[in-house]
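Have a look at the structure below before the remarks.
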Amino acid sequence: MTRILFIHNTVMWYRIPFFRALTDIYSVKYLFNHPDISQTLYGVETTPEIEGMDGVDYQIMSNHLGIAWGLIKKAWGDYDILVGGSWDSIPEIVESIYYLTVAWLRRKPIILWREDWAWEDTSLKSKLIKPLIKWMVRTSHSIVVPGSKHREYFLQLGSDPEKIFLMPNVSNQTVQEVDPEKAAYLRGKMGLENKKIVMYVGRLINRKGVQYLLQALEKIKTEDVMLLILGDGECEDELKSMVKELGLADKVIFTGNIAQEELVSYYIMSDLVVVPSITYGIGDPWVLVLNEAMYFKNPVIATDAVGAASDMIDEGKNGFIVPEKDSPALARAMDKILEDDGLRLKMGQKSCEIINDQFRYTNMVEGFKKAVDYSLNNK
């Protein structure tokens, strides 16, 4: 079996089926070098024993001064291919330069797995690390990216087209027998029986653009609409004040953070899911909420600041893509779906078809396999 040293910052629930599937094909050693990211981004603590990863060869790396020094030894170990490379933080840059250089000196094929795309970033950091990114692109034997926007970005950086492989992001939500009953119960408990439910799921931070969704809600013509905002974050108080200022107090419910296992019931009772992200330092690399909402037969609206939008939304068939920060355009798209029940149901069905056809773990594994085969044949 091909031996793979797989370096990734952390392990999240939606990645576990992918990591497990690879161990059935390859001899993989996973090194998770910055587990604190799970806590920072999602409030999920990564423990040494990860539920669902039994039988998988993995190690949670300890950090000292922000750097996983254990990678030094691992980079000189036995493997046929190295998967890694990151420039998200200074410690990850330092680590990546080291282990990628070691792999290059040892003539080991390198697979770069990234979710960047060409959002407008004029920061000093972006300018300083651009040469490093180009070096990583040149050094890698193949690159795996989740979508077409991301592929275009690496082509702009000078990558050979044939060495870029699509490996779509996937989320592992499933329906339990009791979930539809829970959804009906929630509708009643929240007084939403005769309402059309628009839902936002995610952190309440500037990059998510929730303020533009609230402005769009004020402008829509459809009656009996309720917006559920699932999540928490640093902008929560500001958004709640905005709801009052816009006179939307009877149309918006803040639920706070919802546990992952409870989200299914909310997706089931929703009529429309909106991802109103904006470019704020970076664009949104992917947004797995789209995957989850579509799996549960929701029409979706996303802005052009969402990396997944152009790959997951078939314009007018399962939803719409609107310009970021354009509340009137967002309101028009919401009205078009909410005012036509037949269209809304048809769009929801199309969402589910897209997920089942293109965004399953088998699609993800197949993309990775192609990158491995290419790397081995072109080392």
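Data for the structure
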read-out: Principal-axis tilt of helix 341-358 within the chain, Cα atoms, nearest 10 degrees; value: 10 degrees
read-out: HN-Hα J in Hz across region 101-113 - Karplus 6.51, -1.76, 1.60, θ = phi - 60°, x for Gly and Pro; value: 5, 4, 4, 5, 4, 8, 6, 9, x, 10, 10, 9, 10
read-out: Contour minus Cα-Cα distance for LYS317 and ASN206 (0.36 nm per residue); value: 37.0 nm
read-out: Nonlocal amide H pairs with ALA118, under 5 Å, H built at 1.01 Å; value: TYR153
read-out: Estimated 222 nm signal from helices in the chain, with DSSP H stretches of n ≥ 4 weighted -39500 (n - 2.57), rounded to 500; value: -12500 deg cm²/dmol
read-out: For the chain, size of Cβ-based charge dipole, Lys and Arg +1, Asp and Glu -1, in debye; value: 1240 debye
read-out: The chain: angle of helix 361-377 to the longest principal axis, Cα-based, in degrees nearest 10; value: 20 degrees
read-out: R0 of 45 Å, Cβ-Cβ distance SER126-LEU248: FRET efficiency to nearest 0.05; value: 0.80
read-out: Residue among GLY188, GLY367, GLY202 with the largest mean-square fluctuation in a Gaussian network model of the chain, springs linking Cα atoms under 10 Å; value: GLY188
read-out: Sequence-distant residues sharing a close amide H with THR2 (under 5 Å, placed H); value: SER27
read-out: Inter-centroid distance (Cα atoms) of region 270-326 relative to region 159-217, Å; value: 9 Å
read-out: Charge dipole (debye, nearest 20) of region 262-379; +1 at Cβ of Lys and Arg, -1 at Cβ of Asp and Glu; value: 340 debye
read-out: Residue-wise HN-Hα coupling along region 270-282, computed from phi with Karplus coefficients 6.51, -1.76, 1.60 (Hz; x: Gly, Pro); value: 6, 9, 7, 10, 10, 10, x, 3, 10, 7, 9, x, 9
read-out: When each of LYS208/LYS336; LYS195/LYS244; LYS221/LYS244; LYS130/LYS350; LYS149/LYS297 is checked by Cα-Cα distance, pairs over 31 Å; value: LYS130/LYS350
read-out: GNM flexibility winner over the chain from GLU49, GLU339, GLU324 (Cα, springs under 10 Å); value: GLU49
read-out: Karplus-derived HN-Hα couplings along region 139-147 (A = 6.51, B = -1.76, C = 1.60, θ = phi - 60°), whole Hz, x at Gly and Pro; value: 6, 6, 8, 7, 10, 10, 9, x, x
read-out: Under 5 Å, built H, 5+ apart or other chain: amide partners of LEU157; value: none
read-out: Whole-percent carbon and sulfur share, accessible surface of region 151-244, 1.4 Å; value: 44 percent
read-out: Prolate/oblate/rounded label for region 160-224 (Cα gyration tensor, a/c 1.5); value: oblate
read-out: Modelled FRET efficiency - R0 35 Å, ARG107 with LEU65, Cβ distances, 0.05 increments; value: 0.70
read-out: Top of VAL170, VAL94, VAL225 by mean-square fluctuation, Gaussian network on the chain, Cα under 10 Å; value: VAL94
read-out: Per residue, in Å², the accessible surface of the chain once ligands and nucleic acids are set aside, probe 1.4 Å; value: 46 Å²
read-out: Net length gained if the chain between LEU343 and LYS221 were fully extended (0.36 nm per residue, minus Cα distance); value: 42.2 nm
read-out: Calculated P(r) of region 138-197 - Cα pairs past 20 Å, %; value: 55 percent
read-out: Relative contact order, percent, region 199-243 [alpha-carbon distance under 8 Å, six or more residues apart]; value: 61 percent
read-out: Positive dipole terminus of region 1-158, leading residue within SER86, LEU22, SER62 (C-beta point charges); value: SER86
read-out: Carbon + sulfur, % of accessible area of region 1-116 - ligands and nucleic acids excluded, 1.4 Å; value: 56 percent
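The values are calculated or read from the model by the stated rules, or taken from the named source; none is laboratory data. Keep in mind it's a predicted model, so treat the numbers as computed, not measured. Please note: Cβ atoms are built from the backbone with ideal geometry, for glycine as well, and neighbour counts cover all protein chains shown. Calculation scope for accessible area: heavy atoms of the full protein, side chains included, ligands and nucleic acids excluded. Shrake-Rupley method; radii C 1.70, N 1.55, O 1.52, S 1.80 Å.
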